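Notes for the one structure printed next.
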4 protein chains.
Amino acid sequence: MSTARLETFADGVFAIAATLLILNVDAQVSEDVHDLGTTLARIWPSYLAYAVSFVTIGILWINHHTVMSQIDRTDRRFLVATVGLLLCIAFVPFPTRLVAEHIRGNGARDAALAYGFTMMAMAIMFNITWFYASRGRRLLRSDADRAVATGLSHSYLPGPWIYLAATLISFVSPATSVVLFMAIALFYVIESAIFGSAKSAA
Amino acid sequence: MSTARLETFADGVFAIAATLLILNVDAQVSEDVHDLGTTLARIWPSYLAYAVSFVTIGILWINHHTVMSQIDRTDRRFLVATVGLLLCIAFVPFPTRLVAEHIRGNGARDAALAYGFTMMAMAIMFNITWFYASRGRRLLRSDADRAVATGLSHSYLPGPWIYLAATLISFVSPATSVVLFMAIALFYVIESAIFGSAKSAA
Amino acid sequence: MSTARLETFADGVFAIAATLLILNVDAQVSEDVHDLGTTLARIWPSYLAYAVSFVTIGILWINHHTVMSQIDRTDRRFLVATVGLLLCIAFVPFPTRLVAEHIRGNGARDAALAYGFTMMAMAIMFNITWFYASRGRRLLRSDADRAVATGLSHSYLPGPWIYLAATLISFVSPATSVVLFMAIALFYVIESAIFGSAKSAA
Amino acid sequence: MSTARLETFADGVFAIAATLLILNVDAQVSEDVHDLGTTLARIWPSYLAYAVSFVTIGILWINHHTVMSQIDRTDRRFLVATVGLLLCIAFVPFPTRLVAEHIRGNGARDAALAYGFTMMAMAIMFNITWFYASRGRRLLRSDADRAVATGLSHSYLPGPWIYLAATLISFVSPATSVVLFMAIALFYVIESAIFGSAKSAA
């Protein structure tokens with residue numbers, strides 16, 4: 001398959017998963033709400049969760065593009081690995097809602113665990129996809145820069161461990177765990193804001 | 001990243017956000033409704049809200065294309081800014097529903113404020129995206145017309161202020177505020193109908 | 001705007017509107033249903049409505065492509081007209097659900113009217129889009145075949161009147177009206193099955 | 001129509017149908033759930049059903065691409081057949097939810113039947129699409145490999161029968177039937193993992 005069609009399908013899943021997040025906010029306000037203003041203020045974790053997950057999916061989409069820019073062909077194994085990655089991406093709206101609704105209740109730990117394990121699975125699939133393509137330069141473009149490829153490997157490898165650490169902290173403090181998930185998303189935005197124009201986006 | 005893949009992802013979010021608006025209308029009619037005709041007549045604000053938000057997202061999509069037609073490369077900062085813009089676009093269905101459901105009740109002001117602030121945030125992100133790309137012709141095509149670029153700057157800059165004004169009016173009269181939101185959408189349609197074939201769409 | 005990006009956005013709205021139709025079927029089966037088999041049999045109008053609307057949107061997508069194949073440029077008016085057309089397409093899931101749920105109850109007439117008027121509005125917008133583009137060959141490709149263009153005009157013009165007739169019949173018999181909506185969809189499928197390989201799809 | 005636009009529309013439906021599957025998981029957890037952890041553990045069939053259907057749709061998307069890679073033109077009949085195929089694909093989220101919710105209750109047989117018949121219809125439409133295109137090399141690329149085309153015919157033909165067999169088993173044991181649906185999906189993943197890099201993905 002040309003990488004073009006793979007990208008169309010992947011972009012579709014990324015875009016839909018991100019856009020469906022708004023349904024979580026929407027479900028928080030019932031039609032027969034009495035005091036709309038109070039309700040809109042009370043559900044602030046939903047806005048935050050929406051923003052964090054949307055930005056996370058957006059960053060993942062940018063990273064996926066960076067990977068694809070180094071690749072010029074696909075095989076069935078790579079396609080199946082990508083389907084696995086997209087399966088995790090499309091799952092994100094569900095734990096996002098759990099965190100938004102339960103972070104202030106006694107389901108906080110379970111919600112944080114669900115979010116963390118989803119992110120971990122996603123980071124693992126991201127690594128599988130990338131290392132399958134780059135190992136021995138299997139699917140890389142002939143002119144793919146060795147330095148860029150090594151840089152990608154270095155930046156993707158810690159992902160699962162970072163999410164594992166943030167997830168495990170929820171056993172001590174679910175709130176800290178969730179703050180760390182937000183910090184990870186924020187880190188990528190700030191990193192892009194500072195270094196983003198120096199590094200050219202391939 | 002090539003601008004092509006950015007456009008695929010952005011088009012996806014625009015298309016989904018617009019199409020999801022129908023779920024707001026749908027939720028207004030419960031399955032066990034007794035008098036369907038009366039209900040369908042009573043929920044006219046939902047049709048209006050659907051049309052106004054659909055047209056607004058459609059105009060924003062046209063504008064986004066106009067911006068992208070002047071650009072021939074991207075960097076990480078621009079991508080992150082675009083993700084921020086799309087985050088606002090994908091949020092639109094939620095305040096649209098609030099306005100449709102509450103404009104005739106005592107939640108009218110809060111609903112108008114939610115709609116207005118969403119539109120303001122969106123207009124601000126639109127400006128950030130455009131001015132980041134055009135400042136010093138950072139990401140512009142080498143053959144981008146200086147007059148077109150200046151024209152875009154002039155037409156996007158007032159956006160946040162117009163929405164701010166329309167939003168603040170909701171403290172005096174939410175209905176007036178909502179009529180202004182409709183007028184803004186209508187203005188763009190009429191402007192296109194009158195001047196649309198003279199100005200070539202790049 | 002290049003016609004390519006217009007088609008990406010339009011294809012997105014067509015695809016999402018069609019795929020969202022399944023949510024109407026889904027909403028008919030509550031989680032705590034007692035006799036699943038009986039329920040699945042009882043909601044047969046939902047399957048039929050799903051199929052009719054999916055095929056109708058699919059045919060409209062094919063027709064939209066046929067129009068776009070004759071066009072090689074766009075202007076703002078054409079884009080705004082297309083947004084209006086897509087607004088009608090994205091509305092289709094709502095009246096589809098109304099017909100499926102109410103065709104056997106006393107809301108049958110209102111449901112048929114809602115479906116019919118949506119289809120009429122859609123057919124009108126389709127004509128506006130096409131005639132704006134083809135009048136005086138405004139946006140047509142220089143090599144667009146005059147016979148093909150005339151053929152399109154002849155086949156699109158009756159659309160609104162056919163849907164108006166089928167809609168008005170609902171005042172006498174909503175069931176007949178709905179059968180006619182199905183017949184219109186079926187006609188296009190059969191017409192394609194018989195003549196489809198002779199006429200080359202541009 | 002160029003095959004490119006057909007693929008954009010098809011990719012859209014595949015991507016949306018797959019991403020909507022998460023709504024089935026989401027609906028299983030009500031907002032006022034008391035013990036979140038217990039609920040998240042209890043709904044494990046929903047995760048499994050999500051994964052199986054997502055992978056199945058993903059594999060179908062890969063197969064659809066393989067078909068399209070052998071084709072270089074379309075006609076109206078082929079487009080209508082593709083709309084029929086996509087109609088089945090977009091239907092998948094509904095029986096997926098039925099299986100997830102009812103496999104442990106007395107609706108298990110009906111749910112398995114609904115899932116099986118959907119998959120059978122889908123496999124039949126897949127064959128219709130492929131054999132219409134390949135019969136007498138009607139729509140094939142002039143350089144399409146006869147061996148590849150024959151291979152595709154051999155691998156698609158048994159599909160409906162395999163699903164029919166797995167579906168009929170639900171009259172004896174719905175659980176066995178569902179395990180077979182999972183095995184079919186797993187088979188394709190494992191087959192790709194073993195043979196996937198040898199066979200180049202066209």
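The values are calculated or read from the model by the stated rules, or taken from the named source; none is laboratory data. These figures come from a predicted structure and were not determined experimentally. Quick reminder, even Gly has a Cβ in these numbers, built from the backbone with ideal geometry, and neighbours come from all protein chains shown. What goes into the accessible areas is simple: the full protein's heavy atoms, side chains included, and nothing from ligands, DNA or RNA. Shrake-Rupley method; radii C 1.70, N 1.55, O 1.52, S 1.80 Å.
Per-structure values
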read-out	value
Residues satisfying the stated conditions in the stretch D:45-64, i.e. within 7 Å of chain A (Cβ to nearest Cβ) and either among the β-branched types (Val, Ile, Thr) or not in a helix (DSSP H, G or I) (or both)	D:VAL55, D:ILE62
Residue tally, condition surrounded by fewer than 20 Cβ atoms within 10 Å (Cβ to Cβ) and free of Cβ contacts under 8 Å to residues at least 12 places away in the same chain, over the stretch A:45-78	1
Whichever residue in the stretch D:109-166 is among the charged types (D, E, K, R) and in contact with a Phe, Trp or Tyr (Cβ under 8 Å, 6 or more places away or on another chain) and, among such residues, is farthest from D:ALA183 (Cα to Cα)	D:ARG138
Condition met for A:MET182 (open to solvent by 10 Å² or more (accessible area, probe 1.4 Å), under 14 Å from the mean Cα position of the chain (by Cα) and farther than 26 Å from B:PHE78 by Cβ)	no
Tally of residues being open to solvent by 10 Å² or more (accessible area, probe 1.4 Å) and under 12 Å from the mean Cα position of the chain (by Cα) across the stretch B:94-116	1
Any hit, the stretch D:102-112, residues being free of Cβ contacts under 8 Å to residues at least 60 places away in the same chain, in a helix (DSSP H, G or I) and among the aliphatic types (A, V, I, L, M)	no
Flag for B:ALA4 being within 30 Å of B:TYR132 (Cβ to Cβ), within 11 Å of chain C (Cβ to nearest Cβ) and either in a loop (DSSP other than H, G, I, E, B) or free of Cβ contacts under 8 Å to residues at least 12 places away in the same chain (or both)	yes
Yes/no for B:ASP72 being acidic (Asp, Glu) and out of contact with any Pro (no Cβ under 9 Å at 6 or more places or on another chain)	yes
Hits in the stretch D:21-33 - residues which are facing chain A (nearest Cβ under 8 Å) and either assigned to a helix (DSSP H, G or I) or surrounded by 19 or more Cβ atoms within 10 Å (Cβ to Cβ) (or both)	D:LEU21, D:ILE22, D:LEU23, D:VAL25, D:ASP26, D:VAL29
Pairs, first in a helix (DSSP H, G or I) in the stretch A:142-154, second open to solvent by 40 Å² or more (accessible area, probe 1.4 Å), C-beta under 9 Å, six or more apart	A:ARG146/A:ARG137; A:VAL148/A:ALA202; A:ALA149/A:ARG137; A:GLY151/A:ASP145; A:SER153/A:PHE131
Subset of the stretch B:34-44 [open to solvent by less than 30 Å² (accessible area, probe 1.4 Å) and either facing another protein chain (nearest Cβ under 8 Å) or within 20 Å of B:THR19 (Cβ to Cβ) (or both)]	B:LEU36, B:GLY37, B:LEU40, B:ILE43
Subset of the stretch A:121-151 (residues that are of a type in the set (Asp, Glu) and either buried (at least 17 other Cβ atoms within 10 Å of the Cβ) or over 19 Å from A:ILE62 (Cβ atoms) (or both))	A:ASP143
Extreme residue, farthest from D:THR8 (Cα to Cα), among residues of the stretch D:84-93 that are of a type in the set (A, V, I, L, M) and either assigned to a loop (DSSP other than H, G, I, E, B) or open to solvent by 10 Å² or more (accessible area, probe 1.4 Å) (or both)	D:VAL92
Filter result for the condition that a residue is facing another protein chain (nearest Cβ under 7 Å) and either out of contact with any Gly (no Cβ under 6 Å at 6 or more places or on another chain) or in a helix (DSSP H, G or I) (or both), over C:VAL13, C:VAL67	C:VAL13
Residues of the stretch A:71-96 satisfying the condition of being within 14 Å of chain B (Cβ to nearest Cβ) and over 13 Å from A:TYR132 (Cα atoms)	A:ASP72, A:LEU86, A:ILE89, A:ALA90, A:VAL92, A:PRO93, A:THR96
Output for the stretch D:1-11, where each listed residue is open to solvent by 20 Å² or more (accessible area, probe 1.4 Å) and not aliphatic (A, V, I, L, M)	D:SER2, D:THR3, D:GLU7, D:THR8
